[in-house]
Structure formats: structure tokens, C-alpha cells
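The values are calculated or read from the model by the stated rules, or taken from the named source; none is laboratory data. The structure presented is a predicted model; accordingly, all values stated were derived computationally and were not measured. Here Cβ is always computed from backbone atoms with ideal geometry, including for glycine, and neighbour counts include all displayed protein chains.
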Amino acid sequence: MKKRGFADLFFLLLVVYLVLPVVATMLYAFATNWNKTIMPEGLTFKWLATLFQDAEFIQAFGRSVLLSSGAVVIALLVIVPAIFVIVLYFPKYEKWIQMAVVMVYSFPGIILAVGLIRVYSKFGVPMILVVLGAYVVGILPYIYQGTRNSLRNVDARQLLDAAQLLGVSKLQAFTKILLPTVYPGLFAGALLSFSVLFGEFVLINLVVGSRFETVQIYLMKKLNTSGHIASAVVLIYIVLMGLLTFAIATLTKRSKGATNL
Amino acid sequence: MIVLISKRQTVAWLSPFLVLVLLFFLVPLLYMLITSFQNSDGFTLAQYQSVLTNDYILQGFTNSITLSVISAVIALIVTLFAVYAIMRFSEPVREKILILTNLTSNFSGIPLAFAFIVLLGNSGLFTLLFDKWGIGTLSSFSLYSWGGLLLIYIYFQLPLALMLLYPIYDGIQQQWKEAAALLGASTWQFWMKIGVPVMLPGIVGTFSVLFANAMGAYASAYALTGSNYNLVAIRIGSLIKGDIFAQPELASAIAVILAVTMVTAMLLSEWSISKTRRKL
């Protein structure tokens, strides 16, 4: 019994430690003044309003959304068909994809940034395209996991063979039968990828820099100039991540529910 | 059997993917590896020599390794107990906890550093609190130091540790506990003799992932201390970003050594896992 209380204590500690910084930052975004007192002196929407009137922020937000969703769309168009082909027709090569997944997942941005700069900086390629390409490859683990989990739930190969026996073309079988089956898992993977890329700072900062100011770079700039504006940015970031996490959880639950049928 | 897929179709579906992986992953990393051994005269070890004889860079490695090991150990111990507590909650509650964990795992990098500035920065919430209560030792705590970085590193290790340990705990079957209890083992004995040894490979694997995760982290430390605090990742960043003092060759060599450190940690954990498996 004593040990049980001990474990609960650690759990409580963990939750407080994880939640406290999030709550404090959100509160700071609404605080009029919070430099001398324990609790904010008053509450205001001034900082959020200022932020939304700042064209620079709106543009940065637009760039982040564009870059992240662009990478996700390309990944869906390029990576998903490749995973399908391997899983369905060349299962013995799947271990190569898994190896690529592990490598991409474990190589940190700081190392990749060095390689990207060394190769591409002298060619005159727009570096933003280089980062975009690196983003597409970088989300391979999430896209693979999303696709693979849903494919495991159905015997995709048999479905596809049956459809083709009934005279449907390969493309139709793919779009009308396979895609709807893997849709929830794939969509969850896409949202997860988006949220990871939206928070990415290392590559965009080191490879491109302030020439393409994303939300993360905007935040970094405001960190030293205005704490209140920075906290408003973080507030918006947290709300967005919250919505995405909730959507991913719902989708994952749904795709799991489909298995039990 | 139906003709499965033509060669041309295979190539059409696979080649864009392969090209992307080559262009934006394999080629940059290989090129970095090769050029780290090159200068204008051809093959050289000069870059490595200057890294390994540079006290400042070596100190960066020491700092990074210490920070990574300590943050990984603390996160591992806390989550080991926390997951034990979580396992006894009902399914819906556990699900909510996992969603919360997922949410906080996104909370890293610059936003995380800022959150800790709000709490513990120069006029942070707790800094004021400690001042008011007159806890001198605590109020002199500086977030912009090793201690502050450790707090932030622990923060981003916790959700990852939890997500990795959760399925490992899940593997401990209720029947084992019941069987052990029937044979007269106490809960403590069950965990010491059965539970922990079964989970040990998973725990070691989790540790190496956490270690690698911290070794490669850059954004939080950069946001908090700029280029002031000496970590390997920060050194690499300033060597490739500095417009005047950019030394990409040196950065390549450091990056290669960092990669080797991380791969070694992974291999060591693989090795210890296979060793404990054989023992079991």
C-alpha cells in the first residue's frame, strides 16, 4: 500500500510538471502586467489583439501553414503510393522502408542541416525548396506508421485481387477500395506530420533563416523583445496543437473501432 | 494468379520516393561524411584533429553527454513509477492521460523555452515566489544555466519516456502477477524477480532513445542561451550559421562525431538487450 502511494506521487508530480508551464504561458498571454506580483495584476485581450493586427505575424502564420501542409501533401502523393506498392507487391523489401524510417527518425535536424547546407548552398537552389524536400522525407515515419497500421487491419492484397478479378482497373481499385480503408489512419498520420512540421525550428532557422520567417522564427524574434506578444504566439500554438491532438485521437479511435467489426 | 504489377508501374510509383530520400537525406549525409575527410589537397584528418584537440568543442561534448544522460535517467525513473500508477486507472482515464502526453510532446523547442522563462526567468512566477518567501538558495537559481537547461530537457524527455514505457508495462500480464502471488511472492518480489527483468530490455532501449533525443536537441537551448551555453548542437549551429566565422568543414566533422556517439549508444543498447535476452 505504501508503495502504491509512492507511485501516485510520482504520477502527480509528472502531471503538474507537464501542465504547469503550459497553463502559466497561456495565463501570461492574458495578463496586463506580471512582473512584480505572484498572480497577474489584471486580465486583457490586448496582446492577442495586437498580435492579430500584426501583418508580420499573419504572414509568418501563412508561411508556416503553407510550408507544413505543402510538405504533407507532397508526402501523401509520393510516399503513400510507394508504401502501398512495397507492402502489397514486394513485402520482402519492406524492411528497407523500415530501416529508412528508423534512420530518418533518429537523425536529428542539427546533423541533417549541416549536410543540406554543404550540398545545396553552392548550387544556387532556393534553400526553401531544400527544406521542403527535407520536411517531406522527415515525416516519412509518421506517414508510414499511419498507412501501415490501417493496412494491417484489412487483407489489402486480397481486396485488391478480388477487385481486379471483377474487372476494376488498378487505379480504381486503389482509389475506391484501398484509400477509403486506410483513410482514418492516414489522415491521423498527416495531421501528426503537420503538427510536427509546424513546430520545426532547426532546419528552417539554420538552412533558410529569416528570409522565410515562419511562426517559430517570429516567436524566436519576439522572445527577447516582447514577452507578452511571445506568450500570445505560444497561446495560439498551444490551441492549434490541442485541436490537432484531439482530432488525431478521435481519428485513431475510429480506425481502431473499424478493426473490431 | 493475376499479373500483379508491371515493371514500368513499379518504377513509376517508387522512383519519386527513392529520389526524395536520396536527394534530401542520404546524399547530404554521405556528402557531409566524405567532405569531413577532405580539404583542398585531398584526404585529410585535419578537421578531426582540430576537433579532438579543441578543448572548447570537447567541453561541448562533455556538457551534452552529461545533460543527456542525467535528463534521460531522471525522466526514466519518474515515468517508471508514473506509468505504474497510470496502469491502475480505468481505460478511459488512461486514454485521456495519453492524449495529454501527446499534446505536451508537441510542446518543445522555442515555445517550451519561453514557458520556462515565464515560470523561472528573471521575473518569472516562481522566481518572484521564492524571493517573497525568502528562499535564498532557490531565488538565486538561474534558468540560463546548466540547471535551467536540465529542467527543460527533463520536460521534453518525459512525454517520450511515457509513450515508450507504456507499451512495455502493458506487456506485463495480470496472470503472471496472480501466478506469482499464488506461489507466495510479494508485490515487491514479483517486480524484482519477474516484472523488471522482463521489462529491462525495453527500459534500456528507452534510455538510448532518450539519450539520442537529448543529444540532438537544439532549439530550446538556443532559445534560452543563444550561443552562450556550450553544447555540441549549439557549436554545430554557430559554425554553420555564422556569416563571417562559418566553418562548414569543422561543423561536418563535429556532426559526424555526434552521429557516431548516437549510433554507438543505440548499438550498445542493442547489445545489452540481446545479452539480457540470452540470460532470461
I'd like to verify a number: residues in region A:8-49 that are surrounded by fewer than 17 Cβ atoms within 10 Å (Cβ to Cβ), more than 29 Å from the chain's Cα centre (by Cα), more than 9 Å from chain B (Cβ to nearest Cβ) and not in a loop (DSSP other than H, G, I, E, B), how many? 2
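Only one of these is in the same structural domain as A:VAL87 (by TED's automatic domain parsing), more than 25 Å from A:LEU27 (Cβ to Cβ) and small (Gly, Ala, Ser): A:SER195, A:SER150, A:SER226, A:SER231. Name it. So that I can check it myself, show each step before the final result.
Values: A:SER195 fails: more than 25 Å from A:LEU27 (Cβ to Cβ); A:SER226 fails: more than 25 Å from A:LEU27 (Cβ to Cβ); A:SER231 fails: more than 25 Å from A:LEU27 (Cβ to Cβ).
Result: A:SER150 is the single residue among A:SER195, A:SER150, A:SER226, A:SER231 that is in the same structural domain as A:VAL87 (by TED's automatic domain parsing), more than 25 Å from A:LEU27 (Cβ to Cβ) and small (Gly, Ala, Ser).
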Evaluate region A:125-141: report whether one residue or more is closer than 17 Å to A:ALA71 by Cα, more than 10 Å from chain B (Cβ to nearest Cβ) and crowded, with 23+ Cβ neighbours inside 10 Å. yes
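Could you check region B:58-106 and list, in sequence order, the residues that are outside any helix (DSSP H, G or I) and buried (at least 19 other Cβ atoms within 10 Å of the Cβ)? Break it down into steps so the answer makes sense when it comes.
Here is the first cut: in region B:58-106, the ones outside any helix (DSSP H, G or I) are B:87-90, B:106.
Passing the criteria: only B:ASN106.
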List the helices (runs of 4 or more DSSP H) inside region B:153-236, counting only whole elements, that have at least 3 residues being within 13 Å of chain A (Cβ to nearest Cβ) and surrounded by 14 or more Cβ atoms within 10 Å (Cβ to Cβ). B:187-190, B:196-215, B:219-225
Looking at this structure, is A:PHE61 outside the structural domain of A:ARG148 (by TED's automatic domain parsing) and part of a helix (DSSP H, G or I)? no
Just one of the numbered conditions (1) surrounded by 14 or more Cβ atoms within 10 Å (Cβ to Cβ); (2) farther than 28 Å from B:GLU95 by Cβ; (3) within 11 Å of chain A (Cβ to nearest Cβ) is not true of B:LEU143; which one? (3)
Of the listed residues (A:PHE52, A:PHE84), the one being free of Cβ contacts under 8 Å to residues at least 12 places away in the same chain, among the hydrophobic types (A, V, I, L, M, F, W, C) and assigned to a helix (DSSP H, G or I) is A:PHE52
Need pairs with beta-carbon distance below 6 Å; first residue in the same structural domain as A:PHE201 (by TED's automatic domain parsing) and within region A:234-246, second β-branched (Val, Ile, Thr); sequence gap 6+ or separate chains. A:VAL234/A:THR25
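Kindly indicate the residue of region A:200-236 that is of a type in the set (Phe, Trp, Tyr) and buried (at least 23 other Cβ atoms within 10 Å of the Cβ) and also nearest to the other protein chains (Cβ to nearest Cβ) among those meeting that condition. Lay out the reasoning, then the answer.
Within region A:200-236, the subset of a type in the set (Phe, Trp, Tyr) is A:201, A:212, A:218.
Narrowing the set further to residues that are buried (at least 23 other Cβ atoms within 10 Å of the Cβ) leaves A:201, A:218.
Working: A:PHE201: 4, A:TYR218: 10 Å.
Checking each candidate, the answer is A:PHE201.
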As an exercise: evaluate B:ILE5 against (1) part of a helix (DSSP H, G or I); (2) at the interface with chain A (Cβ under 9 Å from one of its Cβ atoms); (3) not charged (D, E, K, R) and give the number of the one condition it does not meet. (1)
